[in-house]
1. Through the Karplus equation 6.51 cos²θ - 1.76 cosθ + 1.60, θ set to phi - 60°, convert the phi angles of segment 275-281 into ³J(HN,Hα) values in whole Hz; use x for Gly and Pro.
2. When Lys and Arg each count +1 and Asp and Glu each count -1, what net charge do the other residues less than 13 Å away from PRO456, Cβ to Cβ, add up to?
3. Fewest Cβ neighbours within 10 Å first, please rank SER280, SER238 accordingly.
4. For Cα extents along the principal axes in Å, pick the label among (1) 78, 63, 53; (2) 86, 58, 47; (3) 88, 58, 43 that corresponds to the value derived from the coordinates.
5. Would you please classify the overall shape of segment 59-172 from the alpha carbon gyration tensor, given that a ≥ b ≥ c denote the square roots of the eigenvalues, rounded means a/c under 1.5, and beyond that prolate means a/b larger than b/c while oblate covers the rest?
6. Between beta-carbons, use under 14 Å as the cut-off and find the net charge around GLY98, counting Lys and Arg +1, Asp and Glu -1.
7. If the convex hull of the alpha-carbon atoms of segment 68-346 is projected onto planes in all directions, what is the mean projected area in square nanometres?
8. With a cut-off of 8 Å between alpha carbons and a minimum separation of six or more residues, what is the relative contact order of segment 362-459 in percent?
Amino acid sequence: MSTDRTEGQMTDQLLPTTHRALLHRLARAQAEGRTPSLVAGVLRDGQLVWDGARSMVDGHAPDLDVQYRIGSLTKTFVAVLVLRLREEGLLDLADPLGRHLPGTPADAVTVAELLAHSAGLAAETPGPWWERTEGGLRPELADLLETEAPVKHPAGRRFHYSNPGYALLGALVERLRGEPWGEVLRREVLTPLGMHRTTLLPEAPHAGGFAVHPWADVMLPEPLTDTSRMGPAGQLWSTGADLARWAAFLAAGDEKVLGADTLAEMRRPAVGPEDAEWTSAYGLGLQLRRHEGRLLCGHSGSMPGFTAGLWVSEADGLAAFALSNATSGANTPLLAAQLIALTAEHEPRLPAPWRPLGEVDEELLALTGPWYWGAAPNALRLRADRVLELTSLGGGRGSRFRPAPGGSGTGLDGTWIGLDGYYAGETLRVVRAADGGVSHLDIGSFVYTREPYGGPAEAVPGGVEPEGWRAY
C-alpha cells in the first residue's frame, strides 16, 4: 500500500483543489509507473508552493532532503560552468574545442556545437555501456569516442544528442580552471545557490536505484556506478529541495552565477527543430519542449535505477520537478510537465498590475508616438521599465529596445539596443538636427520619420521627390 506526503514548505499558497489535483497526478504516476518511490514539487515565481511524495513502503515516503540520481540534468550544470567561462572571456562559444583542449577526436567542433548537441559526435562511448560500468574503463579522453568514426553528422547541421560531447565539456572546464569539474561546480554554482545536497556521489539519505520487471511486480537493484570522465553527462545526485533552487535559478538567473540574459540565451533553439510540429528542440544545455500549448525549458534525466525531470514555464511563472528511483516506468519528465499544466489550469497566472513610470523624462516622452518607415506607420511607446517598444501598425516589424550598455543607462544619449524581434541586437540611434531637436530615428540603417517620407530629405535613403505627395 502506498503512502503519500502532501505538506510542502509553502502549501498555503495553492488552493485545496489544486493540491488534490497535483497529489492525484503524482499518485497515478507512482502506481501506474510501478516505481518504488516518487517525489515532486511545483514552484511559482521562484518559490516552492507544493511538494509531495509516494512510496511502496507503508508509513514512509521520501522528503525533499533525500537524494536521487538526476542523470542528464547534470548537463544543465555543466553548460552553466562553460557559459561562466565565456562570460569571463576565457573562451568564445565559436572557438574550436582543440584551441583549449587539443588532442581529442573532436578538435574541430566548436564549444557552442558541443553545448547544443549539434557537433555531430557519436551519441555514446564505445562499449561497454558507460552508464552501468565503472569509469575506470575509460581513463583517457581518447577513450570516450570511437577512433575510426567519432563524427556521425556534419557539425552544426542537425541536433544529435551526444553524451561524450558533454564529457568533453567537463574536461574543458577542468583544463581552463585547473581543477576537477565537480569541485568547480561546488564552488562556483552549488554553494552560491545554497545547493549543499547536490553531489557527485550519493550521500545519505539517498534512494537506492531499482529495475522493475516488465511482466511481474518484482525488483532488481541497479549498480550505483562512478562514471568518472563521463560524469559531466549524468553523474550528479540531488534532492527535491536543491532542484527547487535550481529551477528558480533557471527561470530568473542569479548574478552570483549567471544573469537572466545568459539564461535567456540558453533557452533559444540552437539548431532548427527536425519535427514539423516543433514539439522539441535544444538550446545551450537546455531542452525545449511544447506541452499542452506551452513552451517549457529544462531537462530530462535517466541513469540505471533513476529518472528525473525538471521544467520551467516562463510564461506561467511556474516550474516543476519529479524524481523516481526506477529505471523505467514512471515518466518523470512528463509528470513534471503535467504538474505545471495542472497548476496553470487550476490557478492561472495573474497579470502583473500596471504601474506608471516612477518619474517622467520629457526627452524620452517626446520620442513616443507615431513614426514612419517610409509610408509604413509605427508606434513608439515608453514602458514603465524604461524600455522603448516599437510596434508596427500595419503588421510589419517590431522590437523592444533598452538603453545601450556603456552609455548613460537612461537612453538620453540616444543609443538603444534591440531586445527581440527583427531588430534584436541592432542599434536604434536618435539622430538630432542642428538645433538639438530630434530629426529621425535610425535602426540599423532603416530611417523612421515623424511623417510618411518626412523629415530631412537627405536622411531618407534615395532621397524624397521634391514635389512631394501628389494626386494622380
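What follows is calculated from the coordinates using simple rules that are stated; it is not laboratory data. Treat the numbers as computed from the prediction; the structure is a model and nothing was measured. Counting neighbours? That spans all protein chains shown, and the Cβs are built from the backbone with ideal geometry, glycine included.
1. Using θ = phi - 60°, the values come out as 8, 4, 7, 6, 8, 8, 7 Hz.
2. Computed value for this residue: -2.
3. Placing the least packed residue first, the sequence is SER280, SER238.
4. Label of the calculated value: (3).
5. Note, shape of segment 59-172 comes out oblate.
6. Working: positive: ARG99, ARG175; negative: ASP92, ASP95, ASP107, GLU113.
Around GLY98, the charge tally is -2.
7. Spelled out: convex hull of the Cα atoms, projected over all directions, averaged, 15.0 nm².
8. Contact order relative to length: 22 percent.
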